[in-house]
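Student: Once you've had a glance at the structure underneath, I'll fire off some questions.
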Amino acid sequence: MRRNWIAREGIAREGGTVPEVSVLYVKKMVDNASPACDPEALYASIGLTCEAAANPSRMIPADDYYTLLETIAARESGDIRFHMGTSTSMKCEEYGAVGLAFKSAPTLRHSFSRLDRHARAFNKVSVFELVDEGDTARWLHHKREPSRKGLFISNEGALATIITLCREARSPAFAPKAVHFRHQPLGSERALADVFRAPITYGAEIDAIVFSSEDFDRPNTVGDWSIWSFFSKHVDDALSAEDADFGLEKELIQEIADRLSDGVPSLGEVASSLGIGPRTLQRRIADRGKTYQALVDEARVKLAQELLSRPKYSLADVAFMTGFSEQSSFTRAFKRWNGLTPKAYRMSLAERGPSVF
């Protein structure tokens, strides 16, 4: 049996899924947009309705979110500040158990001790990390997407939201020691200075908030060990269950990708390979709001994108290795998935060059 072993490297690196963010942030950004923006039109531009945006558990692709931010920013006059309005309007309670665990922690160090994991409940794009450095502690915000204005606006909003939550847990007067951003100013220096109330460095090596260790270890206003432990365990248990399902989804996509050069595998074949009954697998896929065909398409598009980034594979090779018997069928499907033909997509990669991040 011929297998697409290249998928192991390609899809594993991509994580097997499209990065997503909660519509909680979408709604807040739209609420704080310029009066010149029509909320319904903003939602429609990323395939949402006002009703759908009211459900914080719903997720949208990160690229759509960045596009929305860029659209709103284009309507701002002077400093871009709508995202700062969004950040300062956030409340711990809006994050459910995640926010209540943050607020009820005995100190800010405890608030942040599990936030790198807990934040995934609402933001599957970013990777956060707490680093102690003697008399300072840094909250690092890692993102690997290509350079674009919407990403930078999102990064600024993410760190400003963290400071807002810190003030709710500690006091309205709380301020960090410093803030760092990798990008250059977006014309919003005054807006950010008003929110962070700390020196801001642009063009830094990484996005980060720098705290004084002494400040970090002071008691929070409503800190309570038992309440913090309760909510932290609640979030940990929920994320553990989610991780188990997510791991299955990644394994499914990988298994499908490995078999594509022999044609699209049936659900039964994949279930047998994974040691799961076909009905059980079907149910677990449905429980995640997915279909088997959607996972097949996801495996195909991820593998196709990876193969197209490697000039040694011809378009005919890519079509075959992603399970298409004819190149024309592959071209039509790829254009439906990406909005570009495989040839145009490969050319765009060459023009774009290596990512800056």
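The values are calculated or read from the model by the stated rules, or taken from the named source; none is laboratory data. What you see is a predicted model; the values in this text were computed from it and never measured. Quick reminder, even Gly has a Cβ in these numbers, built from the backbone with ideal geometry, and neighbours come from all protein chains shown. When the accessible area is computed, the model is the full protein with side chains, heavy atoms only, and any ligands, DNA or RNA have been set aside. Shrake-Rupley method; radii C 1.70, N 1.55, O 1.52, S 1.80 Å.
Student: Given a Förster distance of 41 angstrom, what is the FRET efficiency for ALA52 paired with TYR202, based on the Cβ-Cβ distance and rounded to 0.05?
Tutor: With R0 = 41 Å, the Cβ-Cβ based efficiency is 0.70.
Student: Compute the length gained on full extension between ILE276 and SER348: take 0.36 nm times their separation in residues and subtract their Cα-Cα distance, giving the result in nm to one decimal.
Tutor: Answer, rounded to one decimal: 21.9 nm.
Student: Work out the length of the dipole vector of segment 41-148 about its Cα centre, built from +1 on the beta-carbon of each Lys and Arg and -1 on the beta-carbon of each Asp and Glu, and round it to the nearest 20 debye.
Tutor: On the way: 14 positive and 14 negative charges, 49 e Å.
Dipole magnitude for segment 41-148 comes out near 240 debye.
Student: Might you work out the accessible area of LYS233 for me, using a 1.4 Å probe with all protein chains in place, and round it to the nearest 10 Å²?
Tutor: Approximately 120 Å² of LYS233 is accessible to the 1.4 Å probe.
Student: Also, quick follow-up: On a straight-distance basis, which aspartates and glutamates could pair with LYS143 in a cross-link, Cα separation under 15 angstrom, same-chain partners fewer than 8 positions away excluded?
Tutor: GLU14, GLU20, ASP63, ASP116, GLU129, GLU156, GLU205, ASP207
Student: Shifting gears a bit: In square nanometres, what is one fourth of the surface area of the convex hull spanned by the alpha carbons of segment 139-223? Let's see the in-between values first.
Tutor: Working: hull surface 22.5 nm².
So the Cα hull casts an average projection of 5.6 nm².
Student: P(r) tail for segment 158-304, what percent of Cα pairs lie past 21 Å?
Tutor: The proportion of pairs with Cα distances above 21 Å equals 64 percent.
Student: May I pose another question? Per Stokes-Einstein, at 10 °C and 1.306 mPa s, what whole-number D in µm² s⁻¹ belongs to segment 262-323, with the Kirkwood radius over Cα pairs as the hydrodynamic radius?
Tutor: The estimated diffusion coefficient comes to 123 µm²/s.
Student: Where the convex hull is taken over the Cα atoms of the chain, what is its projected area averaged over directions, in nm²?
Tutor: If I average the Cα hull's projected area over directions, I get 19.7 nm².
Student: Students often get this wrong, so check it: of LYS28/LYS103; LYS103/LYS124; LYS149/LYS312; LYS250/LYS312, which have C-alpha atoms separated by over 24 Å?
Tutor: LYS149/LYS312; LYS250/LYS312
Student: Where a Cα-Cα gap under 17 Å defines reach, which aspartates and glutamates qualify for LYS343, not counting those fewer than 8 residues away within the same chain?
Tutor: Correct list for LYS343: GLU306, ASP317, GLU326, GLU351.
Student: Another one. Equivalent-ellipsoid semi-axes (√(5λ), Cα gyration tensor) for segment 117-160, whole Å, largest first?
Tutor: 21, 13, 9
Student: In addition: In segment 14-117, how does Rg compare with the Kirkwood Rh, expressed as the Rg/Rh ratio over alpha carbon atoms?
Tutor: Ratio value, two decimals: 1.02.
Student: Work out which GluC sites (Glu not before Pro) in the chain are exposed loop sites (DSSP not H, G, I, E or B, at most 14 other Cβ within 10 Å) and give the longest gap free of them.
Tutor: With a cap of 14 other Cβ atoms within 10 Å, the longest stretch comes to 52-204.
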